[in-house]
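The structure under discussion appears below in the form of structure tokens.
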Amino acid sequence: MTGPSASRAAYLAELTGLLWPTPARTVRGPGPGPGYLLVPSAADPRMVLPYGSRRAAAAAVLGFNKDRSPGTRLRSQLLAYALRCGLGRLALRDRLTVLPEPGGTTIEDALTDALGRPVVAALHVGPARANRKPVLQLLTPAGRTVGFAKLGASPLTARLVRAETAALRRLAAAELRAVRVPRVLHEGTWQGAPLLVQEALPVWRRRGALGPARLAAAMAEVARATGTRTEELAEGAAATLADGVAALPVRPERTALLAALDRLRDRAAGAKLPMGAWHGDWTRWNMAPLRDELLVWDWERFTDGVPVGFDALHHHLQDAVSTAGRDPAAAAHGLLAAAPGLLARMDVPAPARHPVTALYLIELATRYLEDRQAEAGSPLGHVDRWLLPALSRHLSGD
């Protein structure tokens, strides 16, 4: 078996030793220890649900799919109903059982101690990406979500988990009003991997409208969270990005990005750019608009000292690719047409909008290359197929 299903099955097999280390053992099938349902199957595990609590399993299903397509939500609601009634465990035959041994500790034991209350864990197994990491939804046996735990299981994800922990602590002191950020509940390590436990934001509350103006205002608040300033392109953003591109392995994409930076500096070296902070991955699935605040999570890419407007450009591009399902190359070219209006809502001055758009495309391409997303199996990692053509078109003025 090959493809995404095989990738998920292999990834889950890798995680068992991290989440339930020796002397505990994991076996496929029912047993006397804590059990998990593999949904939809062991061959294609997309969700790992706690077997012992019907309510927790049902709540986890709804939590994983709360912002997906209408068809996916309907299927999730039907599965959650079946789990609550006890029928799901009859239909879902594939299970993973943890067999604890005296003196052993599992991830659930550690998280129960950290939070000071009994919790069970559910796991979503996502597609292959370089930044894929175990994210555990922590629930009470009664089915209430109390937090999310992230483990840095690789050098890249370890760096991201540490970065998110630091970001959440910085943002907690920023006195944000339009945006609500999760609180850190626990910071530590598990089996040598950095561990972050953050609160569950109240996504179950009644939703509010999220128009372009409200979204831009929330992004502007984050941009100001650590202070803002104005810099000339050649002195600030371009120099910082050039260092990142130069650190990439020698390959054609690196050469193209360095050439793009040279062209940009020749054209707009004296352009004055408003600089601030950005979330780094502000997407539809990383937020929930309530009537009185915007819940935003996944802050592992939070950075300051970047041009204001990066979040608006990123949200638009990712929405086109992942939500609307547009071809990535078409979406990237579409961003060029939308960028002036998006940046105007963020109060980016007109002379700065062209260089800010170019810098964002260079930033995103550098990220994908640095993270080795193509090697990890992500189609978007092939930046020469979609980001670099759009960048070349932008710099040529076409």
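The values are calculated or read from the model by the stated rules, or taken from the named source; none is laboratory data. The structure presented is a predicted model; accordingly, all values stated were derived computationally and were not measured. All Cβ positions, even for glycine, are placed from backbone atoms using ideal geometry, and neighbour counts span all protein chains on display.
Tell me, which residue of segment 181-206 that is charged (D, E, K, R) and modelled with pLDDT under 95 is surrounded by the most Cβ atoms within 10 Å (Cβ to Cβ)? Across segment 181-206, the extreme among qualifying residues is 205.
Considering segment 367-385, and only residues there that are touching an Asp or Glu at 6+ places or on another chain (Cβ under 9 Å) and within 13 Å of residue 256 (Cα to Cα), the residue that is surrounded by the fewest Cβ atoms within 10 Å (Cβ to Cβ) turns out to be 384. For segment 88-108, the set of residues classified as on the phi < 0 side of the Ramachandran plot and exposed (fewer than 15 other Cβ atoms within 10 Å of the Cβ) consists of 90, 91, 93, 101, 102, listed by residue number.
The condition (being touching a Pro at 6+ places or on another chain (Cβ under 8 Å), surrounded by fewer than 16 Cβ atoms within 10 Å (Cβ to Cβ) and assigned to a helix (DSSP H, G or I)) is satisfied by just one residue among 162, 169: 162. On the stretch given as segment 325-339, residues that are surrounded by fewer than 19 Cβ atoms within 10 Å (Cβ to Cβ) and over 17 Å from residue 284 (Cα atoms) total 8. Residues in segment 229-258 that are acidic (Asp, Glu) and either farther than 25 Å from residue 349 by Cβ or not assigned by TED's automatic domain parsing to the domain that holds residue 306 (or both): 243, 253. Test residue 153 against the criterion of being in the same structural domain as residue 60 (by TED's automatic domain parsing), part of a loop (DSSP other than H, G, I, E, B), at negative phi and not charged (D, E, K, R), and give yes or no. In short, yes. Restricting 389, 355, 349 to residues that are over 24 Å from the mean Cα position of the chain (by Cα), in the same structural domain as residue 244 (by TED's automatic domain parsing) and surrounded by 22 or more Cβ atoms within 10 Å (Cβ to Cβ) narrows the list to 355.
When each of 341, 309 is tested for being more than 15 Å from the chain's Cα centre (by Cα), more than 13 Å from residue 219 (Cα to Cα) and of a type outside the set (Phe, Trp, Tyr), the lone residue that passes is 341.
A single entry from 284, 326 fulfils the requirement of being more than 23 Å from residue 228 (Cα to Cα), among the charged types (D, E, K, R) and free of Cβ contacts under 8 Å to residues at least 12 places away in the same chain: 326. Here 317, 273 are screened, and the one residue that is out of contact with any Asp or Glu (no Cβ under 9 Å at 6 or more places or on another chain) and crowded, with 22+ Cβ neighbours inside 10 Å is 317. With respect to the conditions (1) farther than 26 Å from residue 46 by Cα; (2) in a strand (DSSP E or B); (3) not basic (Lys, Arg), residue 194 falls short on a single one, namely (1). Taken over segment 358-374, the residue count meeting the criterion of being outside any loop (DSSP other than H, G, I, E, B) and over 22 Å from residue 325 (Cα atoms) is 7.
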